[in-house]
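The structure under discussion appears below in the form of structure tokens.
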Amino acid sequence: MILVTGATGKVGGQTASQLLDAGLPVRALTRDPTSAALPKGAEVVRGDLADPATLDDALDGVESVFLVWPTLSADHAAPSTIEKIAKHARHVVYLSARGVPDLAPGTPEPDPNSILGSHALIERLIERSGPEWTFLRPGGFAANTLMWASQIRDTGTVRWVHGGATRALIHERDIAAAGVSVLTGTGHAGARYVLSGPETLTQIEQVTAIGEAVGRAVRWEELPPEEALRELVGQGWPPAAAKGLIDGHARMAMFPESVTSTVEELTGRPGTPFRQWAADHADAFR
């Protein structure tokens, strides 16, 4: 039995679907089974990673866990939750993030209130918990460009920050395929896999590719960093996480993300270009 958390999300849902397609038993953890849209064939179990006392049924008889963590919002419960998972699972595959520093003497820890700090916390807890582990560290998710969908639908213009930030965005299907390969294969214990898409594009080029997919011109309008920060905080982002995101894009305007071959090495097929992701999700922008 493989437990998939975050199974109502894009990566978790893809992972559950691909495991089921491979004929493997999948249990999906969700806080509300009555409203969860989950792949047919998955065993659905109620539970909340932020409340370890709710996880007993989900973990009963589990061999492996594909762990998508509710970044920052459940960090207060992380020590107890990871300890409980470790009592049941033989192997934990954690969806982490590119840029988390490896644990080494003198390595500075990221701000615990930042996205990378949250991922670092979970990695450290898993490393010390006992079971075998594998960390998937993708860079930018192609699906994060869905944050522009309402702007594109309403105005045909994306107002955002650091248009020159250059990323190798990855399709959620490829992240899931790498996870399935790790869950079903051998030799992955203790590995930290950095995942990327097969090409780099600036944010302006990403917007152009979305426009091509939907069949209309989409324009970029540069937003000052301080205005972008106010918008994110107004949407409920913790200030440290919002500033970290904007500062990260500033760095990627100067130092673009690199492309890795890890997806192809793990899955046997090349990663999916962003233009294909945009075509797959074009309806969201129309």
- For GLU199, placing the label point 7 angstrom along Cα-to-beta-carbon and taking the range 149-180, residues whose amide nitrogen sits under 16 Å are 166-171
- Message: Could you tell me the ratio Rg/Rh of the range 154-222? Both radii from Cα atoms, Rh via Kirkwood.
- Response: 1.15
- Distance in nm between pseudo-label sites at ALA53 and ARG192 (7 Å out along the Cβ direction from Cα): 3.6 nm
- Item | Selection from ALA242, VAL214, SER196 lying farthest towards where the dipole of the range 196-246 points positive, charges on Cβ | ALA242
- Full extension between THR107 and ASP32 adds, at 0.36 nm per residue less the Cα distance, a length in nm of 23.1 nm
- Query: Taking 0.36 nm per residue of separation and subtracting the Cα-Cα distance, what length does fully extending ARG286 through GLU221 add?
  - Reply: 21.5 nm
- Query: What residues of the range 113-139 lie in the reach of a label at ARG90, counting those whose backbone N is under 13 Å from a point 7 Å from the Cα along Cα→Cβ?
  - Reply: 131-133
- Tally Lys/Arg at +1 and Asp/Glu at -1 over every other residue whose Cβ is under 11 Å from the Cβ of GLN151; what's the total? +1
- Message: Residues of the range 161-191 with backbone nitrogen within less than 20 Å of a virtual label 7 Å along the Cα-to-Cβ line of ARG230, please, listed as ranges.
- Response: 161-163
- Computed [θ] at 222 nm, deg cm²/dmol, the chain (DSSP H ≥ 4; -39,500 (n - 2.57); rounded to nearest 500): -11000 deg cm²/dmol
- Please identify, among LEU195, LEU49, LEU245, the residue showing maximal mean-square fluctuation in a Gaussian network model of the chain using a 10 angstrom Cα cutoff. LEU245
- With a 1.4 Å probe and every protein chain kept in, tell me what percent of the accessible surface of the range 1-157 is carbon plus sulfur. 50 percent
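Ignoring ligands, DNA and RNA, please state the percent of accessible area on the range 160-271 from carbon and sulfur, probe 1.4 Å. It would help to have the intermediate numbers written out before the result.
Values: 2780 of 5070 Å².
Using a 1.4 Å probe with all protein chains present, the range 160-271 comes out at 55 percent carbon and sulfur.
Tell me the per residue accessible area of the range 105-233 using a 1.4 Å probe; a whole number in Å² is fine. Intermediate values should be presented prior to the final figure.
Working: 5220 Å² over 129 residues.
Averaged over the residues of the range 105-233, the accessible area is 40 Å².
The values are calculated or read from the model by the stated rules, or taken from the named source; none is laboratory data. Because the structure is predicted, anything quoted here is derived from the model rather than measured. A quick note on method: Cβ atoms are made from the backbone with ideal geometry, for glycine too, and the neighbour counts reach across all protein chains shown. For the accessible areas, the whole protein counts, side chains as well, though only heavy atoms, and no ligand, DNA or RNA atoms are used. Shrake-Rupley method; radii C 1.70, N 1.55, O 1.52, S 1.80 Å.
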